[in-house]
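Written below as structure tokens is the structure these notes are about.
Laboratory data are not the source of any read-out in this text; all were calculated from the coordinates shown. Bear in mind that the values here come from a model prediction, so they are computed numbers and not experimental data. Note that we place each Cβ from the backbone using ideal geometry, even for glycine, and neighbour counts take in every protein chain shown.
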Number of protein chains: 2
Amino acid sequence: MNYTYLDHISANPLLAEVKEAMIAAIHKDFCNPSSQHTPGEQAAEALEKARTSVADLINASDPKEVVFTSCGTESVNHAIKGVALANAKKGKHIVTSNIEHNAVIRSLRRLKAMGYTVTSVSVDGFGRVKPEEVADAIKDDTMLVSIMHSNNEVGTLQPVEEIARITKDRGVLFHCDAVDSVGVVPVDVQKIGVDLLSFASNPFYGPTGVAGLYIRRGTHIFPLLDGGIQENNKRAGTANLVGIVGMGVAAEFAKKDMPRRIEHVKRLKEMLLRELPHHIEEYLINGHPQQCLPNLVSISIKYIEGESVVLMLDDEKIAVSTRSACATGSLRSSHVLQSIGRDYADAQGTLIVTFGIENSEEDVRRFLTALKMVVETLRKISPLYKKASTG
Amino acid sequence: MNYTYLDHISANPLLAEVKEAMIAAIHKDFCNPSSQHTPGEQAAEALEKARTSVADLINASDPKEVVFTSCGTESVNHAIKGVALANAKKGKHIVTSNIEHNAVIRSLRRLKAMGYTVTSVSVDGFGRVKPEEVADAIKDDTMLVSIMHSNNEVGTLQPVEEIARITKDRGVLFHCDAVDSVGVVPVDVQKIGVDLLSFASNPFYGPTGVAGLYIRRGTHIFPLLDGGIQENNKRAGTANLVGIVGMGVAAEFAKKDMPRRIEHVKRLKEMLLRELPHHIEEYLINGHPQQCLPNLVSISIKYIEGESVVLMLDDEKIAVSTRSACATGSLRSSHVLQSIGRDYADAQGTLIVTFGIENSEEDVRRFLTALKMVVETLRKISPLYKKASTG
């Protein structure tokens, strides 16, 4: 299909080298890495090789600090619920922010039903958490702070190093949901000083169905999946070895190619932002202008519905999204856009454009031309637009 | 590698057709099935096609009753913890058996730490649960019974239909861990009358990293993974679509080929049992002679260590196991063998041989010849054997 794919926040195509590695793994018919015989050992070797590559990407001091999971959501659930249940004696209060992913929000909601309390700090108009608000929110019974690394709707990067300094100082664990950052921008668990960090393989062109959780050595945490002795007793269940092998290769390339990748998508993002005013009027750009993902542009287009734009652009064979794919089907306005101060109408008119390494300037041009046409068409039938232009 | 692989309870090779389907899925670069554009819809179609095939294998009345998970362990954790937390108001007592997999045992242990109580019923010398004991164990505050379909160490099939009649009669939910049964022997959720059934793709030659949980419509259960709206709001997280596509194809073939497969492995199992006395002496066969998996033989060989047999057979390029791969590394004796009355020494001398569709009579002969040699070698240096033969 001759499709212009600008929805990399929802899913990424696999790197050619990742495909090759996965196909080779499929043909190898890996055995159970926990088995004691030679086929088992060969599987265990492949598993540990991938773990080393992934640990390397986030600069973990020991590959054993990386636990393979099945998705970013599992990593987040494991981190938050695992720490909360294991450290309940220390306290039952958790600090988070208003713009977290549903995996964080709903994990915390589950804990609230079990007697935990949660303080959610606000963000500024750019979607940045204020570290001093985090410091103020920490109480005697706080045992965990969970703040994301980058926001999946507006792309804003959080001051995670400052937050980590505060949590360390106060003796509180810090979990960072870095699902949309790891492999996309540099993430160094030692430099940040984070205790737990959730990430996934697909954002850096590895397969879905495999992800990771960094758990700093010595962190008290329960497994989310109880059972066998896999993953150093931290995550039971037979490993998705084909996926893990793919994630390992994807991690190697992400580390090696990151500067080139960032430069590439940043150039497309800057081109889009530069050309946009020549194609549409009356829109707002969401997120922080500097502290942000290099591949994401969030645009709130006035007087129209983002969902209509997505569907009409789809007719033009262009893929973008209007909100987190994980929240498709929800009728409510985005909590992220509300938190940065967008009103309901502007939030509903939001488009998320995310570039990938395979995109070109021609893709930007195609998108801009199509967007101009779609916005004009939709505004013609928009009562809001009519009201605004005659009012 | 010219390896005789007789450890299908630990891992299965992929069916050629499954490999093909997975490789095609890798090349297709499926998008996020939750996305609203055409690439998202194509992904959603592939996901729902696989769900229908899997639902068909277990005869679910509606594909929506099947939730895709990342492994059998996740399915079991989801079923047990999800039902326990959602139905706590009804009661906090759960009934299980003494021979469950660690995924069940440790999920229940986690719940016990949260104030739940558990009654574990015994099994007979063949490893069969007595339904009347389950009935006796159900109390006013019992909300769940969790009994496995087939045991992964001795192969015994449980009287699940009788248990389901009891739980239905008493208004208690019934979860069945059928990870080693689904796709291997006929499992029909409607015929059994079970409320929740855990299963995995690899036992029927599908990939690891993908599994399923059957949840009867109307069953009150919480997600284990909280977050997005995937899987009908029952399991958040981006789907492992390559794995799910593979599981779908594996399910189709498992359903179609099951009678032929059962006949094939049963013939090898019968040949092994028939020929064994001509190769070694002083052993016990574990499990029920009729109500059992057609592909599993558990042999307790007196006076020697199962782990030594596994390693020496590995030198002969033959793979078997001595216990659940999920329990490798544990120094304790198998709780299953203890429960059926084996003493510590006999339990330690146990081998699990599991046949697959690619095995042949020649594999059985190779195994028997090698086993004879290994047992003779090990008994020569066994103090236990010396004592028994001179005593």
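Label-to-label distances for A:Arg170 across copies, nearest first, come out at 4.8 nm, using points 7 Å from Cα in the beta-carbon direction.
Counting other Cβ atoms within 10 Å as a rough exposure proxy, the listed residues B:Leu224, B:Leu384 run B:Leu384, B:Leu224 from fewest neighbours to most. For A:His27 and A:Ser389, a Förster radius of 56 Å and the Cβ-Cβ distance give a FRET efficiency of 0.35, rounded to the nearest 0.05.
Relative contact order for the stretch A:74-193: 26 percent, from Cα pairs under 8 Å spaced at least 6 residues apart, divided by residue count. Peptide B:22-30 is shielded by partner chain Cβ atoms: per residue, an average of 4 of them sit within 10 Å of its Cβ. Taken residue by residue and averaged, Cβ atoms of other chains lying within 10 Å of the Cβ of A:204-215 number 3.
Panel values: the stretch A:16-253, Kirkwood radius from alpha carbon pairs, Stokes-Einstein at 25 °C and 0.890 mPa s, translational diffusion coefficient 136 µm²/s.
With a cut-off of 8 Å between alpha carbons and a minimum separation of six or more residues, what is the relative contact order of chain A in percent? It would help to have the intermediate numbers written out before the result.
Values: 787 pairs, mean separation 88.5, N = 391.
Taking the mean separation of contacting Cα pairs over the length of chain A, I get 23 percent.
Mean partner shielding of peptide A:9-16, defined as the number of other chain Cβ atoms within 10 Å of each residue Cβ, is 5.
What number, rounded to the nearest 500 deg cm²/dmol, is the helix-based mean residue ellipticity at 222 nm of the protein assembly as shown, given -39500 (n - 2.57) per DSSP H run of at least four residues and division by all its residues? Intermediate values should be presented prior to the final figure.
Details: 28 runs with 337 residues, N = 782.
Result for the protein assembly as shown: -13500 deg cm²/dmol, rounded to the nearest 500.
Each residue of the stretch B:173-179 was assigned a 3J(HN,Hα) from its phi angle through the Karplus expression (A = 6.51, B = -1.76, C = 1.60, θ = phi - 60°), giving 6, 10, 9, 10, 7, 10, 4 Hz with x at Gly and Pro. Calculate how many DSSP beta bridges within the protein assembly as shown are antiparallel, expressed in % of all such bridges and rounded to the nearest 5. Taking every DSSP beta bridge within the protein assembly as shown, about 55 percent pair in antiparallel fashion.
When each of A:Thr208, A:Thr38 is scored by the number of other beta-carbon atoms lying within 10 Å, the sequence from fewest to most is A:Thr38, A:Thr208. The order of the peptides B:176-186, B:83-93, B:239-249, A:186-196 by mean Cβ neighbours within 10 Å, most packed first, is B:239-249, B:176-186, A:186-196, B:83-93.
Run the paramagnetic zone check for B:Met271: 7 angstrom along Cα to Cβ, then residues of the stretch B:347-391 with backbone nitrogen under 11 Å. So the set is B:359-368. Once the Cβ-Cβ distance of B:Asn232 and A:Ala113 is raised to the sixth power relative to R0 = 25 Å, the FRET efficiency obtained is 0.75.
According to the Kirkwood expression over distinct Cα-Cα pairs, how big is the hydrodynamic radius of the stretch B:109-242, in Å? Intermediate results must be reported in sequence, preceding the final value.
Values: mean 1/r = 0.0615 Å⁻¹.
This gives a value of 16.3 Å.
The same position B:Lys266 in the other copies lies at 6.7 nm from this copy, comparing label points 7 Å beyond Cα toward the beta-carbon, shortest first. Label-point spacing at B:Asp124 relative to the other copies reads 7.4 nm, in ascending order, each point sitting 7 Å out from Cα along Cα→Cβ. Given +1 at the Cβ of Lys and Arg, -1 at the Cβ of Asp and Glu and no other charges, the dipole of the protein assembly as shown around its Cα centre is 1500 debye to the nearest 20. Residue by residue, the stretch B:61-66 carries 3J(HN,Hα) couplings of 6, 8, x, 4, 7, 9 Hz when phi is fed to the Karplus relation 6.51 cos²θ - 1.76 cosθ + 1.60 (θ = phi - 60°); x denotes Gly or Pro. Amide H contacts under 5 Å for A:Thr156: A:Asn151, A:His288, A:Leu293, restricted to partners 5 or more places along the chain or on a different chain, H placed in the peptide plane at 1.01 Å from N. Cross-link list A:Lys81/B:Lys81; A:Lys302/A:Lys380; A:Lys28/B:Lys19; A:Lys191/A:Lys234: which exceed 18 angstrom alpha carbon to alpha carbon? Long pairs (Cα-Cα over 18 Å): A:Lys191/A:Lys234. The alpha-carbon positions of the protein assembly as shown define a convex hull whose volume is 158 Å³ per residue.
Sum up the charges of everything whose Cβ sits under 10 Å from the Cβ of B:Ser146, counting Lys and Arg as +1 and Asp and Glu as -1, but leave B:Ser146 out. Don't jump to the answer; show the numbers that get you there.
On the way: positive: none; negative: B:Glu100, B:Asp177.
Spelling it out: positives minus negatives among the neighbours equals -2.
In the stretch A:16-253, the DSSP beta bridges split such that about 40 percent are antiparallel, to the nearest 5.
Hey, got the dipole for the stretch A:295-391? About the Cα centre, +1 on K and R Cβ, -1 on D and E Cβ, debye to the nearest 20?
Details: 12 positive and 12 negative charges, 96 e Å.
Computed about the Cα centre, the dipole is about 460 debye.
Counting neighbouring beta carbons within 10 Å and listing from fewest to most, the residues A:His27, A:His101 come out as A:His27, A:His101. Residues whose amide H comes within less than 5 Å of that of A:Thr119, counting only those at least five positions distant or on another chain, are A:Ile94, A:Val95, A:Thr96 (H built at 1.01 Å from N in the peptide plane).
One residue of chain A places its C-beta nearer than any other to the axis carrying A onto B; that residue and its whole-Å distance are A:Ser70, 2. Between A:Asp343 and A:Leu284, the modelled labels are 0.9 nm apart [label points 7 Å from Cα along Cα→Cβ]. Across the options A:Leu85, A:Ile192, A:Thr156, the greatest Cα extent toward the positive end of the charge dipole of chain A (unit charges at beta carbon of Lys, Arg, Asp, Glu) belongs to A:Leu85.
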